[in-house]
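See structure below.
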Amino acid sequence: MGKQNIDRKDIAKSLFLNGNYTQEEIADKVGTTRQTVSRWIKDGAWEELKASITITPAQILSGLNRQIIEINNNINGREGGKRFATVAEADTLAKLASAIKKIEQDVGIADIVDVGIRFTNWLRPLDLEKAKEFNDLLDAFIKDQMR
């Protein structure tokens, strides 16, 4: 595989992950066929990678917090003397709190990808070969973390 093909694949991957392009549009931009782009997407598990970076931990936390607020608003809307959680509500609140704690403690794949991309962009003008090597290692690391 020549250097030009590697560059096309890297550019295609970036367009796929960071843009809203069709496979045909990506193929046109990098000068290859849609079938080649499709193979790169499948072989590189780009769909899974895109999914992991599309939803951030902050977005997940925001959704969980909205659920807690909704339950609390429901409880607070009850008449005086009955403003307490039902068993089901208490159980749900405990599960939501546990999920929030876990997410806050774990470094998400999206965070790893974000930092990795920023580091690669910083390294690329300094040492292109090391940037490519780092990018390959980062891809392998992310795939391993997704198992």
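Work out the FRET efficiency for Asp144 and Phe84 from their Cβ-Cβ distance, taking R0 = 35 Å, and round it to the nearest 0.05. Provide the component values of the computation, followed by the final result.
On the way: r = 46 Å, r/R0 = 1.31.
My answer for the efficiency is 0.15.
Given R₀ = 30 Å, what would the calculated FRET efficiency be for Gln67 paired with Ala45, taking r from the Cβ atoms and rounding to 0.05? Working shown, then result.
Working: r = 31 Å, r/R0 = 1.02.
Once the sixth-power term is evaluated, E becomes 0.45.
Rounded to the nearest 0.05, what FRET efficiency is calculated for Ser14 and Gln59 with R0 set to 22 Å and r the Cβ-Cβ distance? Don't skip to the answer; put the middle values down first.
Values: r = 22 Å, r/R0 = 0.99.
Taking R0 as 22 Å, the efficiency between Ser14 and Gln59 is 0.50.
Taking 0.36 nm per intervening residue step and subtracting the Cα-Cα distance, what contour gain separates Leu96 from Arg118 on full extension? Could the numbers behind the result be given before it?
Values: separation 22, 0.36 × 22 = 7.92 nm, distance 3.17 nm.
Computed gain between Leu96 and Arg118 is 4.7 nm.
Report Rg(Cα)/(2.2 N^0.38 Å) for the chain, keeping two decimals.
Values: Rg = 21.7 Å, N = 147, 2.2 N^0.38 = 14.7 Å.
The chain yields a ratio of 1.48.
In the structure shown, do any of Lys42/Lys102; Lys9/Lys143; Lys9/Lys101 have a Cα-Cα gap over 29 Å, and if so which?
On the way: Lys42/Lys102 31 Å; Lys9/Lys143 18 Å; Lys9/Lys101 38 Å.
Beyond 29 Å between Cα atoms: Lys42/Lys102; Lys9/Lys101.
Which residue, chosen from Ala58, Asn73, Thr92, occupies the Cα position most advanced towards the positive end of the dipole of the chain, where the dipole is computed from +1 (Lys, Arg) and -1 (Asp, Glu) charges on Cβ about the Cα centre?
Farthest towards the positive pole: Asn73.
Determine, for each peptide in 22-31, 129-138, the mean count of other beta carbons within 10 angstrom over its residues, then list the peptides with the highest first.
Details: 22-31: 16.0, 129-138: 14.1.
Packing order, densest peptide first, comes out as 22-31, 129-138.
Every read-out reported here was derived from the displayed coordinates using simple, explicitly stated rules and does not represent laboratory data. In this text the structure is predicted, and so the values were computed from the model without any measurement. Every residue, glycine as well, gets a Cβ built from its backbone with ideal geometry; the counts of neighbours run over all protein chains shown.
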